[in-house]
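As structure tokens, the structure follows; a few thoughts come after it.
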Amino acid sequence: MALVNTRKMFEMAYKNGYAVGAFNVNNMEITQGIIEAVAEEKAPLILQVSKGARKYAKISYLKAIINVVVEENPDIPIAINLDHGDTFETCKQFVDDGFTSVMIDASHYPFEENIEMTRKVVEYAHARDVVVEAELGQLGGIEEDVVGVEDVAKHVADPDQAVEFVEKSGCDSLAVACGTSHGAYKFKTEPKLAFDVIQEIGERLPGFPLVMHGSSSVLKEFVDLINKYGGDMPNAMGVPEAAVSKAAKMAICKVNIDTDLRLALTAKIRQVYAETPGEFDPRKYLGPGREAIKAMVKHKLHVLGCAGKAAECL
Ligand code: G3H
Ligand code: 13P
Ligand code: ZN
């Protein structure tokens, strides 16, 4: 059993200049695609569940799937994280349900309130050996339960605040807004990340793990397939892989990916529907979707630099 919190992973990721992939799970096929990739590449893994995922699939089902993943892969250190917890009560519920990490996202509240809410979650979680991720600054984009800001560049994290926030809140890692956003439309023109902000916060908080949300690359391969087979995703744009790799070598120790999983699955399902209009066996379209997720995640683990690092994180 290698169900762990993220402490050792982040220590090694920081020291050795890589980031651990945190992948959002919503169903069995997505989870299987991820773990098959991770097992073959021998990488540490963070599986995460959003409030929306919990609403869709029920925590009992998701937890049962994740339990199998953990049991069947004793050589892979696996942390399970609540993604974008919005209240103390939500975080408490996930801690009580056996998650090893929770994120309290109070970044849209005033600074002092963000500290207060985070501090409260930290007290509850640390007493149960669960780690806490917090967020500073605001991301853009819209997901089911996460509404972001329009002009991402104006809402990057403030390095002075980051130092004060970490000291006062006691959080274990900090998601810093640095120009990324959730979803498939991250930039209107040129992709641009605030590496200077990552650099400065990294220098002012030596050894402290930072997190990058909204890190999908929105791979052309999948967007093209979606558009080719009846989809409509003009101007989709993600974080270039080179930028993700660069951040992973800096103080970013956790990189969140959801959209790339959704795109891979959707692209393959669309392709099967279009090429085999008579197909109605879900295994015949979810199966290729799962394979596409596996191949994409395998590649991503090399972009993050965490392939082959499972053993050192145990
Ligand atoms: O950060 C957002 C994740 O992509 C989760 O999205 O709330 O639609 O599950 P969701
Ligand atoms: P993407 O939408 O870029 O995959 O980001 C996911 C995320 O940050 C989940 O918290
Ligand atoms: Zn996020």
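Just a few scattered comments:
- Residues that are assigned to a loop (DSSP other than H, G, I, E, B) and either more than 16 Å from ligand 3 (Cβ to nearest atom) or without any contact (Cβ under 8 Å) to a residue 60 or more places away in the chain (or both) within the range 235-267 comprise Asn235, Ala236, Gly238, Val239, Pro240, Met250, Ala251, listed in sequence order.
- Among residues of the range 32-64, those that are surrounded by 19 or more Cβ atoms within 10 Å (Cβ to Cβ), free of Cβ contacts under 8 Å to residues at least 60 places away in the same chain and among the β-branched types (Val, Ile, Thr), counted: 2
- Qualifying residue in the range 136-157 (condition: more than 16 Å from ligand 1 (Cβ to nearest atom), open to solvent by less than 20 Å² (accessible area, probe 1.4 Å) and at pLDDT 95 or above): no
- Residues that are in a strand (DSSP E or B) and under 19 Å from Arg54 (Cβ atoms), drawn from the range 90-133: Ser101, Val102, Met103, Ile104, Val132, Glu133
- For Val211, the stated conditions hold: it is touching a Ser or Thr at 6+ places or on another chain (Cβ under 9 Å), assigned to a strand (DSSP E or B) and either away from ligand 1 (no atom under 16 Å from the Cβ) or of a type in the set (A, V, I, L, M) (or both).
- Selection within the range 15-46 - part of a loop (DSSP other than H, G, I, E, B) and hydrophobic (A, V, I, L, M, F, W, C): Ala19, Val25, Ala43
- For the range 70-89, residues that are touching a Leu at 6+ places or on another chain (Cβ under 7 Å) and part of a helix (DSSP H, G or I) total 1.
- Checking Val4 against (1) over 29 Å from Met250 (Cβ atoms); (2) open to solvent by 30 Å² or more (accessible area, probe 1.4 Å); (3) among the β-branched types (Val, Ile, Thr), the condition it does not meet: (1)
- Residues that are in contact (Cβ under 8 Å) with a residue 24 or more places away in the chain and open to solvent by 20 Å² or more (accessible area, probe 1.4 Å) within the range 15-25 comprise Asn16, Gly17, listed in sequence order.
- The listed residue being part of a helix (DSSP H, G or I) and either open to solvent by less than 70 Å² (accessible area, probe 1.4 Å) or touching a Leu at 6+ places or on another chain (Cβ under 6 Å) (or both), out of Gly278, Gly289, Gly308: Gly289
- Within the range 189-207, being more than 16 Å from ligand 2 (Cβ to nearest atom), in contact (Cβ under 8 Å) with a residue 40 or more places away in the chain and open to solvent by 30 Å² or more (accessible area, probe 1.4 Å) holds for Phe195, Gln199, Glu200, Arg204, Gly207.
- Residue that is out of contact with any Gly (no Cβ under 8 Å at 6 or more places or on another chain) and open to solvent by 40 Å² or more (accessible area, probe 1.4 Å), where the choices are Met12, Met28: Met28
- Taken together, Met212, Met233, Met250 contain a single residue that is over 20 Å from Asn26 (Cβ atoms), open to solvent by 10 Å² or more (accessible area, probe 1.4 Å) and among the hydrophobic types (A, V, I, L, M, F, W, C), which is Met250.
- The listed residue being closer than 23 Å to Ser173 by Cα and of a type in the set (Asp, Glu), out of Glu11, Glu36, Glu40: Glu11
- Test: Ala295 is open to solvent by 10 Å² or more (accessible area, probe 1.4 Å), part of a loop (DSSP other than H, G, I, E, B) and within 16 Å of Phe23 (Cβ to Cβ): no
- Within the range 159-178, considering residues that are touching a His at 6+ places or on another chain (Cβ under 9 Å) and open to solvent by 10 Å² or more (accessible area, probe 1.4 Å), the one farthest from Val223 (Cα to Cα): Gly170
The values are calculated or read from the model by the stated rules, or taken from the named source; none is laboratory data. None of the values given here were measured: they were computed from a predicted structure. Because the Cβ atoms are built from the backbone with ideal geometry, glycine has one as well, and the counts that use them run over all protein chains shown. Calculation scope for accessible area: heavy atoms of the full protein, side chains included, ligands and nucleic acids excluded. Shrake-Rupley method; radii C 1.70, N 1.55, O 1.52, S 1.80 Å.
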